[in-house]
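Right, one structure below, let's go through it.
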Amino acid sequence: MTATLILSIQNGALAYGDKVIFNDLTFNILDGDKICLVGKNGTGKTTLMNIITGDRDLDGGERFVLQGKRIGYLQQEITPRAGQTVYDFVFEQLKKSGEAELNAYKVDMVLSPLELDPEAQMTHLSGGQLRRASLARALVEEPDILLLDEPTNHLDLDIIKWLEDFLSRYQGAVLCISHDKAFLATVSNKIFWLDRGRMRVCPRGFAHFDEWSSELLEQEARELRNREKLLEQEVEWASRGVKARRKRNMRRLELMREERSRLKRDKSSYRQLTRRIDLGEMEEDDSGARIVAEFFKVSKSFEDQGRKKTILSSFSLRISRGDRIGILGKNGSGKTTFLRLLLGEMAPDQGKVKRPRDLTLSYFDQKRRDLMMDETVHRNLCPQGGDYIEVNGKVRHVAGYLKDFMFDPALKDQRVSTLSGGQKNRLLLARVLANPQGLLILDEPTNDLDMDTLDMLEEILAEYKGTLIIVSHDRDFLDQTVSKILAFEGEGRIDGCIGGYTDYIEYKKRRAANPRLLDEDAIVLQEMTAQEEKATPIKPVAQEKPPQPAAPKRLTYKLQYELDNLPARIEKIQAEIAGYTSQLTDPDFYQRDKDGFDTASRRLARAQHQLAEAEHRWLELEEMRSAIERA
């Protein structure tokens with residue numbers, strides 16, 4: 001059955017002054033389309049949304065909308081009205097058609113999964129809650145074309161999954177801008193790619209974007225090389241100095257000059273699209289401490305409306321140098337408290353948090369408190385003055401460094417308070433990543449970022465040599481950047497495993513199928529570590545030294561059992577590493593099974609990490625056993 005055409009743009013043209021935004025813009029939206037709209041910052045994604053809604057007129061071309069079809073739009077910003085409740089804000093978007101009871105039911109069905117109180121005042125909501133209220137308003141009317149601009153910003157994972165399911169069942173067409181690759185891969189069945197003023201359309205979903213776009217760029221590169229060879233032949237002809245050149249030859253020379261100009265422009269455009277950021281070689285973390293931080297039986301709770309809210313309960317964790325930890329969980333589950341305890345901004349109710357005295361860290365705060373809002377972009381990067389900034393040991397001009405983070409250098413003298421949310425995030429990232437310290441903490445760094453900035457950030461973090469802690473709801477981003485997951489599940493419950501987000505989901509499925517399963521990927525959080533077991537108690541001041549207990553004659557049963565079984569575990573991991581290595585050295589493996597190659601690569605990295613930890617633990621226990629025998 002052929003889908004109904006709802007909206008069509010044919011030969012559209014739009015320019016702002018001398019800057020051409022669209023030329024020959026042509027596309028169709030059909031009933032049931034689930035479209036992801038992708039493109040670099042400044043390519044006109046939001047402008048395209050406004051053309052679809054009719055809020056922006058084309059300079060040329062035609063716009064067709066099927067009669068009677070409604071268009072809904074989730075915008076980035078809303079202005080709450082004093083005295084207006086969440087329910088009133090969402091309800092006023094519905095048509096007053098005499099179906100008040102049905103409309104009320106629709107509002108409740110949307111507000112409940114978005115965890116919004118219908119009686120809450122709009123002016124009292126946080127930024128994330130305002131975002132959810134705006135999303136509820138866009139969803140509840142069920143328009144024929146639903147336009148979503150970054151719908152997953154500030155949403156918990158549970159709400160994102162609910163939204164994915166909602167959109168998958170949505171009867172109308174959807175066009176969505178988002179940096180969340182996992183979200184787009186789940187909900188989309190078509191791609192609109194705005195690329196240098198052109199609209200490229202792929203009839204498959206975002207899961208195929210990398211493969212499809214790479215093929216297009218490879219084809220473009222081949223065409224540029226062929227054009228370059230033809231131009232070289234024309235230049236060679238022109239250099240022969242043909243005598244008494246006729247008019248037809250003069251025309252040939254003119255065409256050659258025009259092609260040379262076009263080729264130069266097209267090659268520059270291609271290089272801009274495919275260039276990769278280079279922040280120089282990041283230095284290895286050479287600090288002496290192997291342990292970055294230790295949580296020892298830490299408990300923390302707060303009073304919330306007269307009820308005790310447990311955040312951490314007898315929580316133990318060791319963070320070693322080089323760890324790459326991803327943290328996820330609902331709002332209010334304890335992620336921020338964990339970071340504040342780690343940073344020393346908060347004391348535990350019970351237990352200890354140990355940190356080396358010489359610990360150095362860099363911190364990306366999602367609230368952007370480190371940005372000087374009343375100062376210029378330039379001053380924020382160079383607070384001591386001057387036009388140069390040191391970036392990983394190299395001196396860079398501030399304008400050139402800003403271009404790496406997709407800023408127009410003309411913005412360097414603009415006040416930070418006038419920037420958009422995405423620009424503020426990029427500026428803070430530029431500050432933090434210029435010289436990241438041995439511990440790098442990123443709290444929700446992907447909010448308000450476009451997909452190209454996200455790709456750039458992933459590349460930078462791949463080169464980072466220190467200890468990395470990331471709080472994020474972006475599943476693909478966590479898969480690309482971390483090797484351990486800590487999941488804050490509320491009421492003091494914390495779970496975790498080795499690997500990225502995908503590995504965590506697999507781990508949860510295994511645990512759900514067999515709750516008693518001792519999973520090798522699990523991170524044991526609640527037990528006292530060996531380092532803590534052999535820690536020496538602090539001597540009391542100005543008191544008689546208490547009698548010391550007799551030294552143990554042997555390891556505890558638990559530790560001896562662990563020591564006896566470690567060689568077999570090490571041998572098993574070594575066999576896994578050998579198997580993965582054998583697979584990855586097969587030159588045809590990637591072409592034959594790209595997903596399998598990616599999985600094997602991740603599993604190899606995880607196994608190598610497990611082997612290093614197991615070998616270190618074996619040496620640790622052997623030293624303890626030897627020390628007991630010597631005593």
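The values are calculated or read from the model by the stated rules, or taken from the named source; none is laboratory data. Computed from a predicted structure; not experimentally measured. Because the Cβ atoms are built from the backbone with ideal geometry, glycine has one as well, and the counts that use them run over all protein chains shown. Only protein heavy atoms, including side chains, enter the accessible area calculation; ligands, DNA and RNA are left aside. Shrake-Rupley method; radii C 1.70, N 1.55, O 1.52, S 1.80 Å.
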Report summary line: Residues of the stretch 351-370 being farther than 20 Å from Gly127 by Cβ and either in contact with a Lys or Arg (Cβ under 7 Å, 6 or more places away or on another chain) or among the small types (Gly, Ala, Ser) (or both), in sequence order, are Gly351, Ser362
**Report entry** Out of Leu130, Leu175, Leu184, sole residue that is closer than 18 Å to Tyr73 by Cα and in contact with a Gly (Cβ under 8 Å, 6 or more places away or on another chain)
**Finding:** Leu184
Query - Subset of the stretch 565-601 that is part of a helix (DSSP H, G or I), open to solvent by 90 Å² or more (accessible area, probe 1.4 Å) and modelled with pLDDT under 80 - its residue that is nearest to Gly500 (Cα to Cα) - result: Asp595
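Looking at this structure, is Ile191 closer than 30 Å to Trp212 by Cα and outside any helix (DSSP H, G or I)? Quick ask: steps written out before the conclusion?
On the way: closer than 30 Å to Trp212 by Cα: yes; outside any helix (DSSP H, G or I): yes.
When the stated conditions are applied, Ile191 passes them.
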**Report entry** Lone qualifier among Gly32, Gly68, Gly127 - being without any contact (Cβ under 8 Å) to a residue 24 or more places away in the chain, surrounded by fewer than 18 Cβ atoms within 10 Å (Cβ to Cβ) and not polar (S, T, N, Q)
**Finding:** Gly68
Report task. Have a look at Gly386, Gly334, Gly344 and point out the one that is on the phi > 0 side of the Ramachandran plot and in contact with a strand residue (DSSP E or B) (Cβ under 6 Å, 6 or more places away or on another chain). Result -> Gly334
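Take residues that are within 26 Å of Ala185 (Cβ to Cβ) and at pLDDT below 90 and tell me which of the strands (runs of 3 or more DSSP E) falling wholly in the stretch 27-92 contain 3 or more. Steps first, please.
Numbers: elements: 34-39, 60-65, 71-74.
Qualifying strands (runs of 3 or more DSSP E): 71-74.
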Query raised in the report: Of all the residues that make up the stretch 130-156, how many are in contact with a Lys or Arg (Cβ under 9 Å, 6 or more places away or on another chain) and either open to solvent by 20 Å² or more (accessible area, probe 1.4 Å) or of a type in the set (Lys, Arg) (or both)?
Result: 4
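Taking the stretch 115-124 only, how many residues are touching a residue at least 12 places away in the same chain (Cβ under 8 Å) and either within 11 Å of Pro80 (Cα to Cα) or β-branched (Val, Ile, Thr) (or both)? Let's see the steps before the verdict.
Going residue by residue through the stretch 115-124, those that are touching a residue at least 12 places away in the same chain (Cβ under 8 Å) are 115-123.
Filter once more, so that each one left must be either within 11 Å of Pro80 (Cα to Cα) or β-branched (Val, Ile, Thr) (or both): 121-123.
Of the residues in the stretch 115-124, 3 are touching a residue at least 12 places away in the same chain (Cβ under 8 Å) and either within 11 Å of Pro80 (Cα to Cα) or β-branched (Val, Ile, Thr) (or both).
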Query - Every residue from the stretch 173-198 that is surrounded by fewer than 20 Cβ atoms within 10 Å (Cβ to Cβ) and farther than 21 Å from Ala13 by Cα - result: Ala185, Asn189
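Counting just the residues of the stretch 463-518 that are touching a Phe, Trp or Tyr at 6+ places or on another chain (Cβ under 6 Å) and not in a strand (DSSP E or B), which one comes out least open to solvent (accessible area, probe 1.4 Å)?
As a first pass, look at the stretch 463-518 and keep what is touching a Phe, Trp or Tyr at 6+ places or on another chain (Cβ under 6 Å): 475, 478-479, 485, 494, 497.
If we keep only those that are not in a strand (DSSP E or B) too, we end up with 475, 478-479.
Numbers: Arg475: 20, Leu478: 1, Asp479: 34 Å².
Looking at the filtered set, the residue picked out is Leu478.
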Requested in this report: Name, by its number, the condition in (1) in contact (Cβ under 8 Å) with a residue 24 or more places away in the chain; (2) surrounded by fewer than 14 Cβ atoms within 10 Å (Cβ to Cβ); (3) more than 15 Å from Gly438 (Cα to Cα) that does not hold for Gly385.
Outcome: (1)
